[in-house]
Amino acid sequence: MVTMNQLNTKARNTWCPGCGNFAILTALKKAIVELDLKPENVVVVTGIGCHGKLGDYINVNSFHVIHGRVLPVASAIKLANYELTVIGHAGDGDAYAIGLGHLPHAARRNVDIVYIVHNNMTFGLTTGQVTPTTPRGLKTRSTPYGVFEDPINPIALALACDATFVARGFAGDLNHLTYLIKEAIKHRGFAFIDVLQPCVTFYNTYQFFRERTYRLEDEGWDPTNKVEAFKKAYEWGDRIPIGIFYRIEKPTFRDSIPGYPKQPLVKEDLKIDLTDLLNLLT
Amino acid sequence: MDISIIIGGEAGAGVMRSGYILARALVRGGLSVFGTNDYPSLIRGGHNAYMIHASDKRIHAHRENFDIVVALNAETITRYVDQLTENAAIIYDPKDRSYAEKLSDKALLVEIPMMDIVKEEKAKPVMMNSVAIGAAAGLTEYDYEILKSSILDSFPKPEVGEINARLAKRGYDIALEEYSSKFKIKVAPLEKDGKQIYLTGNEAVALGAMQAGMKFYAAYPMTPASPILHFLALHGPKYGIVVVQPESEIAAINMVIGAAYAGVRAMTATSGGGFSLMTEALGLAAMSETPIVVAIAQRVGPSTGMPTYTAQTDLMFVLNASQGEFPRFVIAPGDVKECFYRTIEAFNLAEKFQVPAIILIDKYLAESHMSTEIFDTSNIKIDRGELITGEYKGKEYRRYEVTETGVSPRAIPSTRNAIVKANSSEHTEYGYASSNALNAVKMQEKRFRKLKYMIMEMDKLNPAIYYGDPQAELVLIGWGSIKCPVLDALEILKSMDISVGFLHFIYLSPFPVKYALKYLKDRKIMLVENTYTGQLANLLKMHTGLTVDYKVLRYDGRPINPSQIVEKVFEVIR
C-alpha cells in the first residue's frame, strides 16, 4: 500500500505559501492512499496555469499538456488503457475559457475519468487577469475598471452537459474534498468537480468561502434529482453549497464504442491479417 | 490499347459510383486503371465527373482528353467538346439529342434510351447510370460478365445489384449491336497473374495504418481526408480499432497524443485547415516526445479555398508548423502502393525516434483510384523502438533520460517500477518542469541528436527515387502525387525518343540531401508542382544550394496533366 510520503517527488514546489492548490494536491494524495491505488496505475493530466505543476508534485504518472486540452488527452488515455485511473486537472482558464468546448463532449460521452477544475477565478500564473468565473465588477489587471461580463456557473454548466457526477469542493475543506475525489474516482463515468480555490496572491477568497460554504451531505441532499440539482446550482449568496449535486449511472464511452476489444487497446496484438479486407477491393 | 472515359452528370446522379463500377470492371480484366473525380463542394445540382484512364500498359495518371463521354445530362455533352479525341464517342439519352446533334462532326453519337429502359425495368431514375456504363462497355466490346461481377460486388444488397446488372446489359446490348462497329477502340481483358486491387490514396493510408497496428483513430471530418475516417469507422471495429469523431481537430490530435502516451499506435487525418488547428498540439507531441502520426490531404487554400480541388501548397507550412524547433518526419507517398507501405513506415519511425510523423498527400492522390497488385503483407515489420511495457528493470526510471541517440527508453503508464512523467514545458530527465539554462541546452540537444540518426535511417529507406534515363541532362523533380503525371509524361517522351530523368522526393523532412546532390548536381532541373511559388525549389536551394532552372506549376485546383509536362520539356529542349 502506498503512503503519503511515497507520493512525494523531488521537484521543488513553487506555489505561493497558502495556495489553494496545496489542499487539492493533498486531497488527491489522500484519496489515492485511502483507495489503495497503485501509483503506476494512476495518470494525472494537467493543463496550463499554476495547477499545471501538480503533476510534478505527485509521484504518479503525469502528463502536463497544453492550455485547455486536458479532456481530450485524458479521455484517450482512458480509452487506450481502461485499467488506469485517469484524473484530469484544469484551471478555470483551461476548463471554462479556452478549453470549454471539450466539456460537453467529454460529459455526453461519459468518459470514465475524473475532471477536477481548480477554480480560483483568476489567471494566477499570468499575474491576475479576468477568467470566465471572475465575479462582475472585480478589478483585475485586464479589467482595470472592473469585470464587465457575467461569470459562468460551472455546476449548472456541467449539469446541462449531462455529466453523470457533478460536485463542488472547497480547498479550505480538505476532508470534504478528499471525500469528493474518492467518490469521483469510484464513479464509473465522467466525474466533474469544481473546486473553489483561493488564490492568496491575486484573489484571496478563503474567508469569503469559509463564511458561506456548507456541505450538502450535512443536509441530507438527494443527488439523484436533476431538476433539484439545477435549482441548487443557482444558490450563491450567503449560503454556498459544496458536495455532490448530482450523480447517476450510465454506460461509459467505452461501453458504447463498437468493436472495443475484450482487453485494453494497449494490450492488443499489433499484427492483424488484412486479407479479407484487401479482397473487398479487388 | 489505351482508353480514356469520362462519366458526367449532376451531383446526386451517382456519377462517382457508376464510374467506380466501370473502372473496377476494367481492373478485374487485368488492365492498368486510374480513376479520378472532379466535383464541387455541394450535395445536389452541381456538375460531377469521374474520369477513367485504362491501358494494357502500366499507367499512373489521368488523361486530359476523352475517347468516350458518358453523358448522364445535357451539360456533360457540351462540356468536354474541346477534350474529345479524334475517334471519340458520346453516349447520351434521346432527351438530350438536340445537344448531341450539334457535335455529329466531332464524335460518334451513341444514343441509348436510358430513361425508357429504366422505366421499362421499373427501376429508379438514378439507375440510368448503370445503363450508361453498360453502353460504354458494349461500345468497346468489353466482356459483359466482368462488368456484371463488378456491379454485383459493388452493391451491398444483392437485389439492387441484380437490377443494376440487368440495366447495364440492356445498354450493353444496344451499344454492341448498333454502334460498336463504328467505334475503333476495343478493350479486352488481359491474361495476368495475381490479383489487382483498386483503391484510393485515402484507403491505402487507412489500410497502412491498420496494418501498422494502429489501435486508435480520431478525426474531424474535412474534405478530402474524410474518407479515411469513413473507411476506418466501417472496418476498424472488426479489427479492434477504436475510431472516434471528436468535437474538433484540436480534440482529435490531443486524443491521439493521449492514446500514444498510454502506449497505443494512434493517428489522425485532416486537411490544411484542420492541421492549422492542430499545430499547437503537434508541438506538444514533439516536446513530450510522444510518437504520433498525422495524415494531411491537401486542398486548395488559403482559408476555405476550393475544398474539393487539389494543391501541394502546404509543404512549407507542414515542414515548419508549430512554435519552437524540433525534428519531424514528413513523408509524401506518390501513389496508392506508397501510401500503404510508407504509412506503415511512418508508424515505425514515429515510435523509433519518438517524434511526430506526417503523411502528406493531396486531394488528387487521396481521392483518385488506382489499380495496383494486391499488397504483400507477409513481410511487414513492426518496430516499436525503445518501448518498455510490463516492468522497468533499471534503477530509477527517467522518461527523458539523456542518451547517445537522443532517444530515451519509453515506458508507458502501468509499467511496474516506472512513473512516467510527460511534459509540455521544458523539463528535466525525470520530466519535471525546468527553465534552467543548462538543462534547456541539454534537452534541446538531446532532442536534436535524434536528427542524425533519423537521417541515417531515412537514407536506407529510398527517401527519393530516380526514374528514367540515368544520364539525362534534364531532370524533373517533384514530390508526392506529382509522381503520377510525371511517370506518364516520361513514357510519352520516351516514345518520342526524348530522354529525361525524374527524381521523386518521398521524404521532405528530413530532406534527402545525399540523394538530391547525387542525382541533381550538374543537371538542368525542372520542378513540377501544384503550387504558385514552387516550394520544393526553395527547399532544394535551402538544403543543397542547387537552383531549379524551369518550373511547371499549376494552381487552379486541377492536377497537372502529363501533356502539360511534355509540352514544357519540348519548349525547354528546343
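Any chance region B:144-155 includes a residue that's buried (at least 20 other Cβ atoms within 10 Å of the Cβ), over 19 Å from B:Ala23 (Cα atoms) and at pLDDT 95 or above?
No, because not a single residue in region B:144-155 is buried (at least 20 other Cβ atoms within 10 Å of the Cβ), over 19 Å from B:Ala23 (Cα atoms) and at pLDDT 95 or above.
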Of all residues in region B:329-355, which are open to solvent by less than 10 Å² (accessible area, probe 1.4 Å), within 14 Å of chain A (Cβ to nearest Cβ) and either among the charged types (D, E, K, R) or outside any helix (DSSP H, G or I) (or both)? B:Glu351
Would you mind stating whether A:Leu25 is in contact with a helix residue (DSSP H, G or I) (Cβ under 9 Å, 6 or more places away or on another chain), in contact (Cβ under 8 Å) with a residue 40 or more places away in the chain and outside any loop (DSSP other than H, G, I, E, B)? no
Pairs under 7 Å by beta carbon, first residue more than 8 Å from chain A (Cβ to nearest Cβ) in region B:229-255, partner among the polar types (S, T, N, Q) and assigned to a helix (DSSP H, G or I), six or more apart or different chains? B:Phe231/B:Asn202
Would you confirm, using the coordinates I've provided, whether A:Thr127 is more than 12 Å from chain B (Cβ to nearest Cβ), over 26 Å from A:Pro264 (Cα atoms) and open to solvent by 10 Å² or more (accessible area, probe 1.4 Å)? yes
Can you tell me which residues in region B:480-521 are assigned to a helix (DSSP H, G or I) and basic (Lys, Arg)? B:Lys483, B:Lys494, B:Lys514, B:Lys518
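Out of the residues in region B:392-414 meeting the condition of being of a type in the set (D, E, K, R) and surrounded by 12 or more Cβ atoms within 10 Å (Cβ to Cβ), tell me which one is nearest to B:Lys337 (Cα to Cα).
So the residue we want is B:Arg410.
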Candidates B:Ile21, B:Ile43, B:Ile77, B:Ile68 - the one that is among the aliphatic types (A, V, I, L, M), more than 21 Å from the chain's Cα centre (by Cα) and assigned to a helix (DSSP H, G or I): B:Ile77
Can you tell me which residues in region B:180-213 are within 11 Å of another protein chain (Cβ to nearest Cβ) and exposed (fewer than 14 other Cβ atoms within 10 Å of the Cβ)? B:Gly194
Expected output for region A:97-112 (first residue away from chain B (no Cβ under 11 Å), partner among the small types (Gly, Ala, Ser), Cβ below 6 Å, 6+ apart or cross-chain) is A:Ala107/A:Ala163; A:Asn110/A:Gly189; A:Asp112/A:Gly189
Checking A:Phe190 against (1) surrounded by fewer than 24 Cβ atoms within 10 Å (Cβ to Cβ); (2) closer than 23 Å to A:His102 by Cβ: exactly one of these is not met. Which one? (1)
Considering every residue within region A:31-45, establish whether at least one is free of Cβ contacts under 8 Å to residues at least 40 places away in the same chain, open to solvent by 10 Å² or more (accessible area, probe 1.4 Å), touching a Lys or Arg at 6+ places or on another chain (Cβ under 6 Å) and more than 10 Å from chain B (Cβ to nearest Cβ). no
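Residues are listed down the side, and each one gets a yes or a no for (1) in a strand (DSSP E or B); (2) closer than 30 Å to A:Arg168 by Cβ:
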site	(1), (2)
A:Lys231	no, yes
A:Phe245	yes, yes
A:Pro261	no, no
A:Lys271	no, no
Search result, residues across region B:420-433 that are more than 8 Å from chain A (Cβ to nearest Cβ) and more than 13 Å from A:Thr9 (Cβ to Cβ): B:Glu426, B:Glu429
Considering residues that are more than 10 Å from chain A (Cβ to nearest Cβ), open to solvent by less than 50 Å² (accessible area, probe 1.4 Å) and part of a loop (DSSP other than H, G, I, E, B), the number found within region B:373-391 is 2
The correct count of residues that are open to solvent by less than 10 Å² (accessible area, probe 1.4 Å), hydrophobic (A, V, I, L, M, F, W, C) and under 22 Å from B:His53 (Cα atoms) in region B:525-570 is 3
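The values are calculated or read from the model by the stated rules, or taken from the named source; none is laboratory data. Model, not experiment: these values are computed from the prediction. Counting neighbours? That spans all protein chains shown, and the Cβs are built from the backbone with ideal geometry, glycine included. Just the protein is used for accessible areas: all its heavy atoms, side chains included, with ligands, DNA and RNA removed. Shrake-Rupley method; radii C 1.70, N 1.55, O 1.52, S 1.80 Å.
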